[in-house]
Amino acid sequence: MCSISDQRYIQVNGTVCLKRKFVSSCIYKAAGDKVVISFDDEKLQEDNELRWTHNKQRVYLKKGLQIKLNMLNVSEDGSLILENVQKDKSGEYKGIIYDAEGKLRKETVQQLCVLEPVLEPTVMVECVEKGVNLTCSPMSKTEVVSWMKNGIKTNATHAFLHVISSELKPGDNFSCTVSNQISKKSAKNVEPVCSDTDMSEKRFLFGLDLWWLLVILTGGGSFLLILFIICLVCVCRCCRRNKRKAKRISSVNYVQIHL
């Protein structure tokens, strides 16, 4: 009995067998690329029969010198050629070569996966209580995301990232990178700025934030200064009144004395 694992001939129990080529994993290509699926070193003879199928649907058939079906391009050596390949051309491609007597010479099976290049992502920032939410957009199910903080890759692998206030310092920047099997693009750095972003850096005195304490002291000092000026003006006015009153009394006494 013959076993099948690659594309070489072997002899098992006196029987010559053809090992076929099967590839289960995808060949990833970008939309618009050129794809060639070949039989490797096997050459197509003039009297051979060649068959190609796409997702089990026959797309090419050649018997000897006569081409009976030609839905896709095939080279002289039997290789399948896909120009400007698009996503609808993804799937399983199977090629078979028979000799003039109808015996199998070569078989190849290849899975093709056509993908669109990823779009340049952006990082959206949402300030929430006790932190910030970061979202890498746009993304599809076939794409992988990674996050950078201050130029260093993090362990986050989801499109959504929540950062708590205690882990966020002023000047911290974030970026995400989106990739698939054929392309990779990164977003521009963003610096989240929220009202409590620098909460971990704030200092407190008697349970009050120093900035608020400074505002209160400044306001209180201004009020005391204004109150002092008002009092000083009142005192000065009282002094002037008393002087005028004393002067009038002195004048009356002088007149009475000389009468």
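The values are calculated or read from the model by the stated rules, or taken from the named source; none is laboratory data. Because the structure is a prediction, the values reported are computed rather than measured. Cβ: placed from backbone, ideal geometry, glycine included. Neighbour counts: every protein chain shown. When the accessible area is computed, the model is the full protein with side chains, heavy atoms only, and any ligands, DNA or RNA have been set aside. Shrake-Rupley method; radii C 1.70, N 1.55, O 1.52, S 1.80 Å.
Okay, here's what the table says:
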| item | result |
| --- | --- |
| Positions within the range 163-178 being open to solvent by 30 Å² or more (accessible area, probe 1.4 Å) and either of a type in the set (S, T, N, Q) or not assigned by the TED database to the domain that holds Val145 (or both), in sequence order | Ser166, Asn173 |
| Failed criterion for Val128 (all others in (1) at pLDDT 95 or above; (2) among the β-branched types (Val, Ile, Thr); (3) not assigned by the TED database to the domain that holds Gly78 hold) | (1) |
| Number of the condition not met by Leu44 [criteria: (1) in a strand (DSSP E or B); (2) within 30 Å of Ala30 (Cβ to Cβ)] | (1) |
| Residue in the range 189-225 that is modelled with the highest pLDDT, counting only those that are assigned to a helix (DSSP H, G or I), under 29 Å from His162 (Cβ atoms) and open to solvent by 70 Å² or more (accessible area, probe 1.4 Å) | Trp212 |
| Leading residue by the ranking (farthest from the chain's Cα centre (by Cα)) among those in the range 102-121 that are of a type in the set (Val, Ile, Thr) and over 17 Å from Arg51 (Cβ atoms) | Val114 |
| Residue in the range 226-235 that is modelled with pLDDT of 75 or more, open to solvent by 70 Å² or more (accessible area, probe 1.4 Å) and within 29 Å of Val114 (Cβ to Cβ) present | no |
| Hits in the range 86-100 - residues which are surrounded by fewer than 16 Cβ atoms within 10 Å (Cβ to Cβ) and touching an Asp or Glu at 6+ places or on another chain (Cβ under 9 Å) | Lys87, Asp99, Ala100 |
| Verdict on Glu83 being farther than 27 Å from Lys184 by Cβ and open to solvent by 50 Å² or more (accessible area, probe 1.4 Å) | no |
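One line per residue, one yes/no per condition, for (1) open to solvent by less than 30 Å² (accessible area, probe 1.4 Å); (2) of a type in the set (A, V, I, L, M):
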| position | (1), (2) |
| --- | --- |
| Gly102 | no, no |
| Val109 | yes, yes |
| Glu116 | no, no |
| Leu119 | no, yes |
| Gly131 | yes, no |
| Val145 | yes, yes |
| Ala159 | no, yes |
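Table: residues versus (1) farther than 30 Å from Asp88 by Cα; (2) touching a residue at least 24 places away in the same chain (Cβ under 8 Å); (3) in contact with a Cys (Cβ under 8 Å, 6 or more places away or on another chain); (4) among the hydrophobic types (A, V, I, L, M, F, W, C).
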site	(1), (2), (3), (4)
Tyr98	no, yes, no, no
Glu107	no, yes, no, no
Val123	yes, yes, yes, yes
Ala187	no, yes, yes, yes
